[in-house]
Amino acid sequence: MDTIAHNRIALHALGCKLNQAELQELAIAFESRGFRVVGARDDADAYVINTCTVTAEADRKARQWLRTVRRNHPESLVVACGCGVESGRAQLEPLADLLITNREKAVMVDRVAARLATQLDGVLGDEQERRSGRTRSLVKVQEGCATPCTYCIVPYVRRGEESRPIEDVLSTVRSRIRDGYKEIVLTGTKIGAYRDGEVTLVGLLRQVLGLPGLGRVRLSSLQPQELSFELLSLWQDSSLCRHFHLSLQSGSGTVLERMRRQYSPGEYDEALQHIRAAVPGVAITTDVIVGFPGETDEEFAAGMSFCETAGFARIHVFPYSRRPGTPAAAMTGQVSTAVVRQRVAIMEALAGRSRMAYASSWLGRRQQVLWEVETGPGSGVYVGTSDNYLRLLCHSRSPLQNVLEEVVLDTLDADGVWVRR
């Protein structure tokens, strides 16, 4: 009799770290039921995409991926799940055999198995062998946002704020440690809002840091108002990566007000100072939206000036994407596509200078790196990430994947920082 182990499933995610975390959870869930998880481009019996709808481009990429899978694998089951299903079901229905909302992800394995008409079995084969080679695990601790910004569709597709019970989180982290992961990334829509009873993000982090066998821990995005001296004091533990992703979105105070962000440029700058005082050598990365409705030349210039002096290690630049149903979509003064493109190019040039300046400041110094993948089969070139989020490379004749070690940063080029071991 055929078993589910003969069914290959390919998983793909677009968008945020929360989507990536959910994809890892789905991979483990499918494996635990006997499925064989393969690469997103491999031949498979079922293809699943965890969609993103934060921008129109994300929606387009999801539709394109589904069309490509349908064309190349007409006999396979095609599944779309997540935020894109919540916001654009009608556009995805012709492209997928099965649509699954965010709330339905908990029963996805059952629904996919039922469509494949296979019998559910337990774990087959050696679980550690299937999971070998993985280096970083994203663990969802929270989802949803109760304070939506005017441009953001996410609170409408991930409704309400919901935190996972702390024992559930700790159990997941323990499991990932046993599976050999050297880095745990705690992620969510708004992780600063984590709360389980009296336990906040501070209490959660304290307990995670106390788990035996832990390698290192990284947090996903925070907001300035979520920082506290108590939280920052936890970085005295060297297991916490010296990296904060602190979303800015605009360096202009008037734009921040229209976005309904909960801080001013001055308050954001204070947060930068507090972080740098508490965590020497820290990398602070950010997101910036260019071309928000009504953005004037003066407001854009103010945003550029702020980013220039902030000393970000990396800036992710996004053109404003008009999302139907959000307050910003109905605002007057929508910026023309040509102007948005011009401003994106200017901001991206600044982002490149900022990234190179931060990386250059580390040349000749020691850093901890987690080696992740070989750049190509047999290339002998490995790529890894430092605890402060630098992309590091080295040549090695021996396998390095999932090795955590200290190196000396040597030279910088367009690919990243090359190191001496």
**Q.** Vicinal HN-Hα couplings computed from phi for region 331-347 (Karplus, 6.51 cos²θ - 1.76 cosθ + 1.60; Hz; Gly/Pro x)
**A.** 6, 7, x, 4, 7, 5, 4, 4, 5, 4, 4, 4, 5, 4, 4, 5, 5
Q) If you take all C-alpha pairs in region 1-68, what percent of them are over 21 Å apart? A) 28
Q) What number comes out for the charge environment of residue 293, summing +1 per Lys or Arg and -1 per Asp or Glu over other residues with Cβ under 9 Å away? A) +1
Q) Rounded to the nearest 0.05, what FRET efficiency is calculated for residue 381 and residue 332 with R0 set to 51 Å and r the Cβ-Cβ distance? A) 0.50
Q: Could you check the simple spin-label distance between residue 322 and residue 75, using points 7 Å along Cα→Cβ, in nm with one decimal?
A: 4.5
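Report D for region 323-421 in µm² per second (integer): Stokes-Einstein, Kirkwood Rh on Cα pairs, 37 °C, 0.692 mPa s.
204
Largest first and in whole Å, give the semi-axes of the chain's equivalent ellipsoid, each being the square root of 5 times a Cα gyration tensor eigenvalue.
33, 28, 22
Assuming R0 = 22 Å, can you tell me the calculated FRET efficiency for the pair residue 156 and residue 257, based on Cβ-Cβ distance, to the nearest 0.05?
That pair, residue 156 with residue 257, gives E of 0.55.
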**Q.** Mean accessible surface per residue for the chain, computed with a 1.4 Å probe while every protein chain stays in place, in Å²
**A.** 44
**Q.** Relative contact order of the chain, pairs being alpha-carbon contacts under 8 Å that are 6 or more residues apart, as %
**A.** 11
Q. Which whole-number percent is the relative contact order of region 1-120 (Cα, under 8 Å, 6+ apart)?
A. 26
Q. DSSP beta bridges in the chain, what fraction antiparallel, as a percent rounded to 5?
A. 35
**Q.** residue 270-residue 361 FRET efficiency (beta carbon distance; Förster radius 30 Å; 0.05 resolution)
**A.** 0.85
Q: Percent of Cα-Cα pairs per 5 Å bin, from 0 to the last occupied bin, for region 164-230, please list those.
A: 3, 16, 29, 26, 16, 7, 2, 0
Q | Candidate lysines for bridging to residue 105, where Cα separation is under 26 Å - those fewer than 8 sequence places away on the same chain excluded | A | 17, 61, 140, 190
Q | Computed over region 219-364, Cα set: Rg, Dmax in Å | A | 16.0, 51
Q. Per the Kirkwood treatment, what hydrodynamic radius in Å, one decimal, follows for region 258-312 from the mean inverse distance over all distinct Cα pairs?
A. 12.6
(Q) Please report the net charge: other residues with Cβ closer than 13 Å to the Cβ of residue 368, K and R +1, D and E -1. (A) +3
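The values are calculated or read from the model by the stated rules, or taken from the named source; none is laboratory data. Please read all numbers here as calculations on a predicted model, not as lab measurements. Cβ sites come from the backbone with ideal geometry, for glycine too, and all protein chains shown count toward neighbours. Side chains included, ligands, DNA and RNA excluded: accessible areas come from the protein's heavy atoms. Shrake-Rupley method; radii C 1.70, N 1.55, O 1.52, S 1.80 Å.
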